[in-house]
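Structure first, commentary second.
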Amino acid sequence: MASIVIRRLEEATKKRLRLRASQHGRSMEEEARAILKLAVASGSQAEKNLAQSIRRRFAALGGVELPELVREPMRRPPKIGR
């Protein structure tokens, strides 16, 4: 297995990592491994279609029926130079 060293980690980040690790009953090292594994795994399965991703996220809230708008016919474009 490979090893990694993280330099210049902010103290606040380290404290939050320690707290998160204790909440999950893991060491800080185990917690960091779990976070990295999850981040890398979810990045490779990113949704390619943004519209479908948004629709799936909000599907549980239900749809909205919008009234059909009555539109006027398009007007003729202005004649330039005449």
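The values are calculated or read from the model by the stated rules, or taken from the named source; none is laboratory data. Everything numeric here is computed off the predicted structure, so don't read it as measured data. When we count neighbours, we look across all protein chains shown, and the Cβ atoms used for this are built from the backbone with ideal geometry, even at glycine. To get the accessible areas, we keep the full protein, side chains included, count just its heavy atoms, and leave off ligands, DNA and RNA. Shrake-Rupley method; radii C 1.70, N 1.55, O 1.52, S 1.80 Å.
Residue 26 passes every criterion in (1) open to solvent by less than 100 Å² (accessible area, probe 1.4 Å); (2) in a helix (DSSP H, G or I); (3) charged (D, E, K, R) apart from (2). Kindly check whether there is at least one residue in the stretch 47-54 that is part of a loop (DSSP other than H, G, I, E, B) and loosely packed, with under 10 Cβ neighbours inside 10 Å. Within the stretch 47-54 (the criterion being part of a loop (DSSP other than H, G, I, E, B) and loosely packed, with under 10 Cβ neighbours inside 10 Å), the answer is yes, since at least one residue qualifies. Considering only residues that are among the small types (Gly, Ala, Ser) and closer than 30 Å to residue 9 by Cβ, look in the stretch 29-67 and name the one that is modelled with the lowest pLDDT. Out of the qualifying residues, it is 44.
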